[in-house]
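Student: Supplied in structure tokens, the structure appears directly below.
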Amino acid sequence: MHSIEKNIDQIQRTLPGKVTLVAVSKFQPAEAILQAYNCGQRIFGESKVQELVTKYNNLPKDIEWHMVGHLQRNKVKYIAPFIGLIQSVDSLPLLLEIEKQAKKHQRVIDCLLQFRIGQEHTKFGLDQEQIKAILSGDILKKCEHIRICGLMAMASNTNDIQRIEMEFSTAQRLFKEIQEEFPELDFHTLSMGMTSDYPIAIACGSNMIRIGSNIFGDRI
Ligand SMILES: *Cc1c(COP(=O)(O)O)cnc(C)c1O
């Protein structure tokens, strides 16, 4: 068995059934993606628009592409025709641009709001107040071409397991609060967990993990 196939198999074997595996293929060549594809993987995550568009054009059309990196507003138009899920929505203006481009292409684009958990370990993301303001605002009600499906969050890059647990639990708490406060939303995806921390994320209620290096090996 090739190593990519073996890695995916090993991860899938430990996953509870309700957890979706996103193979984060950024900086990986098309051949590596095809190897994963050939053993059944269909969802791939990318972090750069240019790379995402090139890969979309050159790879099988039944791949579901997720944008997981920071997305600039002026680049939404390039991915709007085909993107399956934008996991990294970190501002209201970005959300409105996604609505505009989705409308142009007569589609509904699924989005996750990127939650920045407490500490300043990432530049991007929204805090709890900003997320609730977006969800309760009138603007969203007029957006018929986006569907906010849940949250994406990253834990600090640390070996401190308790801290990671605390951060994922914070995201889980917010996720549940939103489900209760906004029952009209189709809010069902909690995307958290990467190579180094996904078992902890799953224990904290994650139902979508984003794995790169553990599948493809180190990025060049
Ligand atoms: C790169 C990346 C991942 C995957 O990271 P690994 O540690 O290689 O598993 C997951 N999520 C986001 C947002 C990323 O940018």
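Only the coordinates and a few stated rules stand behind these numbers; no lab work does. Just so it is clear, the structure is predicted and the values come from calculations on it, not from any experiment. Reconstructed Cβ throughout: ideal geometry from the backbone, glycine too, with neighbour counts over all protein chains shown.
Student: If you stretched the chain out fully between residue 34 and residue 74, how much longer would it get, using 0.36 nm times the residue separation minus the C-alpha to C-alpha distance?
Tutor: Using 0.36 nm per residue and subtracting the Cα-Cα distance, I get 11.4 nm.
Student: Per DSSP H run of at least 4 residues, take -39500 (n - 2.57); add these up for the chain, divide by its residues and hand me the 222 nm value, nearest 500 deg cm²/dmol.
Tutor: Only helices count here, giving -12000 deg cm²/dmol.
Student: What FRET efficiency do you get for residue 9 and residue 218 if R0 is 25 Å and r is their Cβ-Cβ distance, rounded to the nearest 0.05?
Tutor: Efficiency for this residue pair is about 0.80.
Student: Any idea how far apart residue 58 and residue 123 come out in nm if each label point goes 7 Å out from Cα toward Cβ?
Tutor: For the pair residue 58/residue 123, the computed spacing is 2.7 nm.
Student: Among rounded, prolate and oblate, which fits the chain when a ≥ b ≥ c are the square roots of the eigenvalues of its C-alpha gyration tensor, a/c under 1.5 means rounded, and a/b larger than b/c means prolate?
Tutor: Oblate is the answer for the chain, as a/c is 1.5 or above yet b/c matches or exceeds a/b.
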